[in-house]
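Working notes, beginning with the structure itself.
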Amino acid sequence: MSTLQQDRTDLCIIVGAGSGFGAVLAQTFIEQFICSRRKSSGLHLVLTGRVLADLTRTAEKCRNSCSVDGIQITLVDGAYWDDASRFDTIVARIFDHARQHSSQRYTQCTLINNAGTLGDLSRTIAQTDWQAQAQFMTANFASFAAMCTEFLRQFPLDSLEPVPEVNGQPREPQRVIVNISSLLAIQPASHWGSYSCAKAARDRFLEVIALEEDPALTKTLNYAPGPLDNAMQQRVRQGLGDATQRSLYTAMSEEGKLVTMESSATKVVKLVLQNRFTSGQHIDYFDVDDF
């Protein structure tokens, strides 16, 4: 294992990193971090999720993918977001781990929020009771808002090391918040009522932060990863109540037209590490040229 010569330490928190796209995001972030201009940077990667065994598998894949030290991985399990009364405890644990495991001040802090659920896609809005809709918004929007708000509070700009200029290039922002969004955040579709409303709310939340914060120092990004070839997409094909959409997704799967998680994760991580987005922007996988 080679040594990463550290002239700075960065932080990345990935919410929902136990499996699926979140797990691939974690591995991709480390790989691209090492390959980027931050070869001389240390990294503290905080992975959160529900089940410790899942997070442990993700961390093992991350360690196997990097051949340098200076990369620290911390796991925070028990992140069940369906009960708002537990948010304070969960959020406090995540940020306690993020702050206590660093021997020096961070230079750049990134929060990637991938956590989310599909809900019951077999029902229309008229067939869904308001209690179920409220619970869905708690798990998929209120938890997101709690993490974003606390992230800004826990890492005020004056607590971070200044970002140095590199070869005359503009400085990177000191804080970055990424929402794993969806095309459905900006384009409605039948049977996706609760899901699309939560995604739209998350998008708007980061758009407001982008207006409130100096974009040279704090940036937000809403990234729609495309129709991913993963277990969640399989559940969509099995449970979606709209027959036309179900047939479309089934055809995409059978014809190999779904997006690989690795390809999508690489695009969003490069957007972040290369600072190639406008704060508050909604970017779809298909909007990004191959790097």
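The values are calculated or read from the model by the stated rules, or taken from the named source; none is laboratory data. Here the structure is a predicted model, which is why all the values come from computation and not from measurement. Cβ sites come from the backbone with ideal geometry, for glycine too, and all protein chains shown count toward neighbours.
Exactly one residue among Asp69, Asp96, Asp83 is of a type in the set (Asp, Glu) and either over 22 Å from Phe151 (Cα atoms) or buried (at least 23 other Cβ atoms within 10 Å of the Cβ) (or both), and that residue is Asp69.
If you go through the range 201-241 and keep only what is in contact (Cβ under 8 Å) with a residue 60 or more places away in the chain and part of a loop (DSSP other than H, G, I, E, B), you end up with Glu213, Pro215, Leu217, Pro225, Gly226, Asn230, Leu240, Gly241.
The single condition among (1) among the aliphatic types (A, V, I, L, M); (2) surrounded by 18 or more Cβ atoms within 10 Å (Cβ to Cβ); (3) not in a helix (DSSP H, G or I) that Ala189 does not meet is (2).
Selection of the range 52-72 for residues being among the β-branched types (Val, Ile, Thr) and modelled with pLDDT of 95 or more yields Thr56, Thr58. Return the residues of the range 31-61 that are closer than 24 Å to Glu150 by Cβ, of a type outside the set (Gly, Ala, Ser), touching a strand residue (DSSP E or B) at 6+ places or on another chain (Cβ under 7 Å) and in a helix (DSSP H, G or I); say none if nothing qualifies. Listed by number, the residues that qualify are Phe33, Leu52, Leu55, Thr58. Applying the selection to the range 131-149, what residues are under 19 Å from Glu207 (Cβ atoms) and in contact with a helix residue (DSSP H, G or I) (Cβ under 7 Å, 6 or more places away or on another chain)? Matches in the range 131-149: Met137, Asn140, Phe141, Ala142, Ser143, Phe144, Ala145, Ala146, Met147, Cys148.
If you check Ala146 against the conditions, is it buried (at least 18 other Cβ atoms within 10 Å of the Cβ) and of a type in the set (A, V, I, L, M, F, W, C)? Answer is no for this residue.
Assess whether Phe151 counts as being within 22 Å of Arg50 (Cβ to Cβ), touching a strand residue (DSSP E or B) at 6+ places or on another chain (Cβ under 7 Å) and of a type in the set (Phe, Trp, Tyr).
Working: within 22 Å of Arg50 (Cβ to Cβ): yes; touching a strand residue (DSSP E or B) at 6+ places or on another chain (Cβ under 7 Å): yes; of a type in the set (Phe, Trp, Tyr): yes.
Here the answer is yes, as Phe151 does meet what is asked.
Any idea which of (1) of a type in the set (Asp, Glu); (2) in contact with a Ser or Thr (Cβ under 6 Å, 6 or more places away or on another chain); (3) exposed (fewer than 14 other Cβ atoms within 10 Å of the Cβ) is the one Glu60 doesn't satisfy? Glu60 satisfies all of (1) of a type in the set (Asp, Glu); (2) in contact with a Ser or Thr (Cβ under 6 Å, 6 or more places away or on another chain); (3) exposed (fewer than 14 other Cβ atoms within 10 Å of the Cβ) except (2).
Residue-level analysis places Ala79 among those that are of a type in the set (A, V, I, L, M), modelled with pLDDT under 95 and over 19 Å from Pro215 (Cβ atoms).
Among the residues of the range 120-133, are any hydroxyl-bearing (Ser, Thr, Tyr), farther than 26 Å from Thr218 by Cα and surrounded by 14 or more Cβ atoms within 10 Å (Cβ to Cβ)? Looking through the range 120-133, at least one residue is hydroxyl-bearing (Ser, Thr, Tyr), farther than 26 Å from Thr218 by Cα and surrounded by 14 or more Cβ atoms within 10 Å (Cβ to Cβ).
Within the range 82-95, is there a residue that is aliphatic (A, V, I, L, M), at pLDDT 95 or above, touching a strand residue (DSSP E or B) at 6+ places or on another chain (Cβ under 9 Å) and closer than 18 Å to Val268 by Cα? No, the conditions are met nowhere in the range 82-95. The set of residues in the range 101-139 being touching a strand residue (DSSP E or B) at 6+ places or on another chain (Cβ under 9 Å) and among the polar types (S, T, N, Q) consists of Ser102, Ser103, Gln104, Thr107, Gln108, Thr110, Asn113, Asn114.
Among the residues of the range 249-283, those that are buried (at least 19 other Cβ atoms within 10 Å of the Cβ), polar (S, T, N, Q) and part of a helix (DSSP H, G or I) comprise Ser264, Thr266.
Residues in the range 62-77 include at least one that is hydrophobic (A, V, I, L, M, F, W, C) and over 30 Å from Pro164 (Cα atoms). Restricting attention to the range 31-51 and to residues that are more than 16 Å from the chain's Cα centre (by Cα) and among the hydroxyl-bearing types (Ser, Thr, Tyr), the residue that is modelled with the highest pLDDT turns out to be Ser41.
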